[in-house]
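Working notes, structure below.
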Amino acid sequence: MPGGVRTEIHLTGDHTADAFCLLIDEPPAGWSLPPHRHRGEAETIHVIDGEFEIDIDGRQVSLASGESIHIPAGVVHSGRNSGDRPGRRLLIFSPAGMERFFIEAGAATPEVEIDQAQALASAISHGWEFVAGESRPPR
């Protein structure tokens with residue numbers, strides 16, 4: 001994935017009658033994602049390992065191993081790995097469909113170069129809306 005994030009797709013909409021998809025990702029230390037929203041999907045994040053800061057609609061939340069947060073559909077959020085090592089998170093998008101972005105924008109191995117412009121276009125085509133100024137970026 002872009003940003004050096006390893007992502008595993010464990011359940012797709014085909015497995016859940018389109019109710020949700022479930023992914024595990026491993027963002028490296030220093031990784032961040034700018035303010036954005038998913039208009040049609042809610043996102044639930046459970047930290048398996050590591051430390052993350054998430055800004056949800058202007059409210060900063062710190063999450064450590066074992067902690068979870070829910071982001072309703074349409075709410076602006078951003079996040080970053082605030083730890084000094086890779087983290088590991090379980091992600092649920094509801095309803096399903098967001099997994100198609102990860103399939104389209106990802107690569108089978110870390111050695112494959114990700115085309116950043118193509119990944120951005122894929123994110124936008126799958127409902128990501130990047131919004132400047134609507135949410136404070138993580139510190």
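Things worth noting here:
- Springs join every pair of Cα atoms under 10 Å in this Gaussian network model of the chain, and among 13, 66, 106 the largest mean-square fluctuation is at 66.
- Between residue 6 and residue 131, the contour length at 0.36 nm per residue exceeds the Cα-Cα span by 42.6 nm.
- Whole-Hz ³J(HN,Hα) from phi, Karplus 6.51 cos²θ - 1.76 cosθ + 1.60, for segment 64-81, glycine and proline x: 10, 3, x, 9, 9, 8, 10, 10, x, 4, x, 8, 5, 8, 9, x, 7, 7
- Among 128, 31, the order by Cβ neighbours within 10 angstrom, fewest to most, reads 128, 31.
- For residue 61 and residue 48, the difference between the fully extended length at 0.36 nm per residue and the C-alpha to C-alpha distance is 3.1 nm.
- For the pair segment 23-69 and segment 70-91, the centres of their Cα atoms are 1 angstrom apart.
- Annotation: amide H of residue 65 within the under-5 Å range of 50, sequence separation 5 or more or interchain, hydrogens built in the peptide plane.
- Packing-based ranking, highest mean first, of 110-118, 91-99, 67-75 given that Cβ atoms within 10 Å are counted: 91-99, 67-75, 110-118
- Residue exposure proxy: 15, 10, 38, ordered by other Cβ atoms within 10 angstrom of their Cβ from fewest to most, comes out as 10, 15, 38.
- Rounded to whole numbers, the Karplus 3J(HN,Hα) couplings from phi for segment 46-59 are 10, 7, 7, 8, x, 9, 9, 10, 10, 9, 10, 6, x, 10 Hz, using 6.51 cos²θ - 1.76 cosθ + 1.60 with θ = phi - 60°, and x at Gly and Pro.
- Close amide H contacts of residue 96 (hydrogens built in the peptide plane, cut-off under 5 Å, sequence separation of 5 or more or a different chain): 19, 20, 21.
- A simple rule links phi to the HN-Hα coupling: the Karplus curve 6.51 cos²θ - 1.76 cosθ + 1.60 with θ = phi - 60°, which for segment 29-44 gives 4, x, 4, 8, 10, x, x, 7, 9, 10, 4, x, 10, 7, 10, 10 Hz, with x for Gly and Pro.
- Efficiency of FRET from Cβ geometry, residue 69 and residue 112, R₀ 30 Å, rounded to 0.05: 0.45
- For segment 17-139, a/c is less than 1.5, where a ≥ b ≥ c are the root eigenvalues of the C-alpha gyration tensor. That puts it in the rounded class.
- Taking 80, 37, 59 as the candidate residues, the one with maximal mean-square fluctuation in a Gaussian network model of the chain, Cα springs under 10 Å, is 59.
Each value in this text was obtained by applying a stated rule to the coordinates, not by laboratory testing. Not measured: the values here are computed from a predicted model. Virtual Cβ from ideal backbone geometry, glycine too; neighbours counted across all protein chains shown.
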